[in-house]
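One structure is given here, and the rest of the page talks about it.
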Amino acid sequence: MTITDQATVTQVEEVVAARSDSAFLSGTQPHADTLHFKIEKRAMRAVVEGLVNELQARFLISVGTDTRSVTGQFAILHLFSLDREHLYVLLESPVSEEDQRIESITDIIPGANWAEREFRDAIGVHPDGHPDPRRLLLADDWPEGVYPLRRDFPYNFQPPPADNVRPQMREPPAGASVVPLGPFFPVLEEPSYWRMFVEGETIVGCDTRLFYNHRGIEKLGESVLTYGQIPYLAERICGICGFIHSSCYCQAVEKAAGIEAPRRARYIRTILLELERIHSHLLWLGIAGHIIGFETVLMQTWRIREPVMWLCEEISGNRKTYGMNTVGGLSRDLHNELKPKLLETIAQVEKEAIAVRNAVIGDSTLHARTKGVGVLTNDWAKKICAVGPPARASGVAIDARIDHPYAAYDELPPQIATEEAGDVWARVVVRISELVDSIRLVREGLAALPEGPICAEIKEAIPPGRVGVSVVEAPRGESVHFVLTGGDNRPYRWRVRAPSYPNLQALPAMVQQANIADVPITLGSLDPCFSCTERLETVDRRTHEVRVYSHAELLEMSRRHRRT
Amino acid sequence: MTVWLIKSFLLCLLNVAAALLLSPLCEGIMRKIRAALHSRIGPPITQPYWDILKLLGKEDLRSTGGVVYAGLPALTLGSVLVLAALVPMGTAAPLAFAGDLIVVLYVAAMSGVAIMLTGFASASPYASIGSSREMMMLLSVEPILAIALVVGAFKARTLALGGIANWQIQNGPSISMLIGGVAFFLALQAVAGKLPFDISEADQEIMGGPLIEQSGPRLALFRWAMWAKQLVFAFLLVEVFFPWPHFGNYLIDLLATIVKVLVVLVLVTVIDVVNPRLRIDQAMGYFMRVGVSSLAALAFAVIGK
């Protein structure tokens with residue numbers, strides 16, 4: 001599907017070879033658009049510098065793998081994308097058990113900050129020279145020296161509970177006071193804890209603690225589930241863009257195993273992916289309105305969004321979490337009798353979406369609240385590796401649907417929408433343009449929907465040791481899934497990177513010197529992903545007795561529940 | 001003398017009762033209109049009454065002690081009710097003998113100051129941000145109210161609200177009073193705490209601002225005070241700046257006044273629905289411009305227009 005230029009491949013090979021010199025171990029091309037180099041860790045920084053400076057490679061994610069059972073060593077892998085050249089570059093270094101360290105690349109690529117902290121937390125390989133040594137992924141009461149993604153760590157292990165632990169937070173600069181946002185806050189639909197350092201109403205810095213909802217999904221995929229079960233788990237990573245994650249996972253496994261999904265399946269995936277973008281962008285527009293007190297926008301966009309949810313229900317049986325994806329294609333067809341109804345609904349949604357677009361674009365008070373607010377500069381967007389609408393609104397023209405075509409996007413090319421200003425308004429404009437374009441893609445996809453099978457026949461078991469990288473352009477930006485195949489009919493390593501992961505790292509720079517009133521909309525304009533919270537109060541329906549649980553009781557209950 | 005006192009007292013009670021009992025109904029109507037513009041069904045018109053009842057029946061939780069903090073909700077509602085007695089609401093202002101528009105301006109500012117103090121007294125960073133915003137809003141809006149009313153005083157050569165209203169009825173519309181009325185209306189949006197000026201409460205930014213720590217009966221009194229305040233101010237606007245058409249028949253005039261008050265509240269709601277919230281600096285800039293424009297009203301009044 002992708003067009004990879006042999007000259008580019010040679011050029012990348014030359015850069016890696018020249019920069020690594022005697023540290024070069026091996027270079028393979030596991031898939032037409034994927035180059036996989038193994039180098040010794042002493043050359044990692046030099047090669048990364050070469051890729052970034054000479055080839056404008058964009059950092060995607062780091063993957064730490066415990067390959068001790070295969071090679072006797074850990075493996076740290078940095079994943080890059082050459083967007084214009086439609087190429088992924090994987091740089092892998094073995095890290096021995098005796099010296100569990102690798103040089104940090106965060107000073108070269110600021111966007112690698114969290115990725116390196118994550119493999120430190122999960123695998124125990126320490127990034128030397130990292131500017132922020134604090135925990136990222138693990139809970140504050142997690143014991144030191146226990147690394148959950150090591151193969152010898154059982155998925156159901158429970159560390160002993162610890163009390164009176166607090167996140168390690170930075171102190172505010174002298175003269176500044178702290179305004180906390182979260183972990184629970186009206187406009188944060190997921191728990192995340194931001195501490196704004198303010199002087200008056202002006203922000204002079206901020207600190208954050210996230211990963212309150214870490215669910216150990218990668219570990220489950222690597223230790224309990226099978227290839228065929230993981231799509232259902234992947235779909236539950238996100239409540240909005242679930243189909244994106246299941247598609248991305250399936251494509252990564254298909255690539256690793258050399259399976260090609262049939263054309264009809266790829267078209268239906270495209271239609272569902274675009275429907276997801278439509279309802280996600282409408283939802284976001286409503287939330288953005290709500291954040292700045294514009295409830296009318298919320299009410300109207302969610303009213304328009306509802307028919308899209310019904311469409312999804314008609315197609316899959318569910319409003320969300322369709323459960324249709326499987327490795328090799330789909331498990332459920334889109335029935336042709338549905339087409340006229342789908343086209344009719346889509347036409348109505350288009351009419352109303354354009355009405356909303358015109359109303360929003362012309363609203364001068366909205367301009368006052370969003371123009372020049374939360375600016376993400378083009379330079380920093382590239383350095384922090386921002387993705388999706390925030391990147392495109394800052395003039396970084398990347399879109400996985402064009403840069404790494406998957407599903408049927410090679411036959412149904414989307415129109416990329418970019419803006420230069422990098423402020424909240426630019427992100428609004430980009431999302432609204434994408435919304436209208438997605439409606440067109442659904443319409444064209446339905447019209448051109450080919451006949452044929454919906455799932456490829458998989459005759460033999462997926463061989464171990466293969467690598468698959470897949471990227472899907474979610475409404476919030478690209479999702480990245482990396483799969484290293486293993487025995488036992490399950491991946492040896494499955495790495496997921498959601499688009500909010502790099503985008504949230506861009507927030508501190510965006511709120512610097514901002515007014516406290518602009519923080520919620522700036523954060524909201526990144527469209528961070530949502531998840532659910534727990535209940536705190538129970539009512540016995542027979543006796544109407546109300547019982548409020550204390551923090552300690554809830555902690556004890558959840559621990560008891562997990563043990564049983 | 002005694003008869004006069006009792007009569008005044010009863011009339012005061014009438015105004016106070018109207019402000020207390022009708023303001024939740026007006027709020028209910030405003031919510032219904034808001035819902036209609038949102039494509040929602042919305043709560044029943046009587047919902048605000050149930051809200052008040054429910055909140056009054058809840059436990060009184062206080063984040064801090066102190067007599068001042070304890071008394072602030074009552075002070076807020078009380079100041080609004082005194083204002084109701086000082087303002088003509090379909091009849092002559094029953095407490096007019098006790099004070100002219102200078103007193104009205106002071107009493108009108110009292111509820112805002114009390115809410116601000118509540119925020120500063122409750123130990124929450126959101127409340128103190130909200131209170132400082134409330135203070136800035138008060139400082140931006142009060143001068144506009146003062147200028148608009150002083151235009152009337154200047155025209156009618158009296159500081160009594162009733163006198164200004166009578167002068168208006170007798171002399172008909174004038175450019176200066178129209179400009180003053182419009183400025184007063186724009187300020188009303190902020191006085192009522194409606195969008196785009198609900199900056200000091202800003203649920204999504206500072207979670208209710210000065211009132212974040214308030215719950216149960218205390219919150220009920222604050223809410224009630226806000227609703228009563230928007231109703232009293234709507235009456236003030238209509239009676240002083242737009243008293244026409246005047247029929248001379250008391251009942252018809254009362255009906256006309258009520259219809260005009262409802263029109264004002266509907267307009268306030270529509271503005272609330274079609275606007276996002278402004279930032280405090282933007283709102284202050286806006287009211288600065290409104291204030292300067294309202295000075296034009298004063299200039300027109302000086303040249304007799």
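The values are calculated or read from the model by the stated rules, or taken from the named source; none is laboratory data. Everything numeric in this text was worked out from a predicted model, so none of it was measured. Because the Cβ atoms are built from the backbone with ideal geometry, glycine has one as well, and the counts that use them run over all protein chains shown. To get the accessible areas, we keep the full protein, side chains included, count just its heavy atoms, and leave off ligands, DNA and RNA. Shrake-Rupley method; radii C 1.70, N 1.55, O 1.52, S 1.80 Å.
Could you point to the residue in B:Pro24, B:Gly57, B:Leu5 farthest towards the positive end of the range B:1-87's charge dipole, with +1 and -1 charges on the Cβ of Lys/Arg and Asp/Glu respectively? Result: B:Pro24, furthest along the dipole toward the positive end. Reducing the range A:411-453 and the range B:27-105 to their Cα centroids gives an inter-centroid distance of 49 Å.
Report, to the nearest 10°, how far helix B:161-171 tilts away from the longest principal axis of the Cα atoms in chain B, using its own Cα long axis and a range of 0 to 90°. In chain B, helix B:161-171 runs at an angle near 40 degrees to the longest axis. Overall, the range B:126-271 carries a charge dipole of about 360 debye about its Cα centre when +1 sits on the Cβ of Lys and Arg and -1 on the Cβ of Asp and Glu, all other atoms neutral. Heavy-atom accessible surface of B:Leu139, to the nearest 10 Å², is about 130 Å², with a 1.4 Å probe and all protein chains retained.
For chain B, take the longest principal axis of its alpha carbons; what is the angle in degrees between that and the long axis of helix B:2-37, to the nearest 10 within 0 to 90? The helix B:2-37 is inclined about 60 degrees to chain B. Within the same chain, lysines fewer than 8 places from A:Lys351 are excluded, and of the rest, those with a Cα less than 24 Å from its Cα are A:Lys320, A:Lys339, A:Lys341.
Surface composition of the protein assembly as shown: carbon and sulfur make up 60 percent of the accessible area, probe 1.4 Å.
A Cβ-based charge dipole, computed about the Cα centre of chain A with Lys and Arg at +1 and Asp and Glu at -1, lands at about 1040 debye.
First check a/c for the range A:275-333, with a ≥ b ≥ c the square roots of the eigenvalues of its C-alpha gyration tensor; if it is under 1.5, answer rounded, and if not, answer prolate when a/b is larger than b/c or oblate otherwise. Prolate is the answer for the range A:275-333, as a/c is 1.5 or above and a/b outweighs b/c. Mean projected area of the Cα convex hull of the range A:82-177, taken over all directions, amounts to 10.2 nm². The mean count of C-beta atoms from other chains within 10 Å of the C-beta of residues in A:180-188, rounded to a whole number, is 2. Panel note: contact residues of the range A:286-317 (accessible area lowered by at least 30 Å² against the chain on its own; 1.4 Å probe) correspond to A:Ile292, A:Gly293, A:Phe294, A:Glu295, A:Thr296, A:Met299, A:Gln300.
Can you pull the mean other chain C-beta count within 10 Å for peptide A:512-520?
The per-residue average across the peptide is 4.
Considering only B:Tyr49, B:Tyr126, B:Tyr250, give the residue with the highest GNM mean-square fluctuation for chain B, with springs between Cα atoms whenever their separation is below 10 Å. Per the Cα network of chain B with a 10 Å cutoff, B:Tyr250 tops the list. A Cβ-based charge dipole, computed about the Cα centre of the range A:278-381 with Lys and Arg at +1 and Asp and Glu at -1, lands at about 120 debye. Anisotropy class assigned to chain A is rounded, per the alpha carbon gyration tensor with a/c under the 1.5 cut-off. Comparing B:Ile144, B:Ile41, B:Ile280 in a Gaussian network model of chain B (Cα springs below 10 Å), the most mobile by mean-square fluctuation is B:Ile41. Straight-line reach from A:Lys459: taking Cα to Cα under 15 Å and skipping same-chain neighbours fewer than 8 places apart, the aspartates and glutamates in range are A:Glu254, A:Glu260.
If each DSSP helix of 4+ residues adds -39,500 (n - 2.57) and the sum is divided by the residues in chain B, what number results at 222 nm, nearest 500 deg cm²/dmol?
The helix-only estimate for chain B comes to -25500 deg cm²/dmol at 222 nm.
When chain B is treated as a GNM with alpha-carbon contacts under 10 Å, the residue of B:Glu239, B:Glu134, B:Glu59 showing the greatest mean-square fluctuation is B:Glu59. Distance between the C-alpha centres of the range A:8-79 and the range A:290-350: 41 Å, rounded to the whole angstrom. Association of chains B and A removes close to 2200 square angstrom of accessible area from solvent, both sides included, for a probe radius of 1.4 Å. Helix B:175-191 axis versus longest C-alpha principal axis of chain B: approximately 10°, rounded to the nearest ten.
In this model, which of A:Lys41/A:Lys219; B:Lys32/B:Lys305; A:Lys41/A:Lys255 are farther than 29 Å apart at the alpha-carbon? Pairs exceeding the cut-off: B:Lys32/B:Lys305. Note that the protein assembly as shown presents 41 Å² accessible area per residue, ligands and nucleic acids not counted, probe 1.4 Å.
Where the centre of each part is set by its Cα atoms, how far does the range A:181-241 sit from the range B:259-288, in angstrom? One Cα centre to the other: 37 Å. Helices assigned as whole DSSP H runs in chain A whose Cα atoms extend at least 20 Å along their own long axis and whose mean Kyte-Doolittle hydropathy is -0.5 or higher are found at A:6-20, A:242-257, A:263-291, A:295-316, A:339-361, A:424-447.
Under 19 Å from a label point set 7 Å out along the Cα-to-Cβ vector of B:Asp203, the amide N atoms of the range A:288-305 belong to A:288-303.
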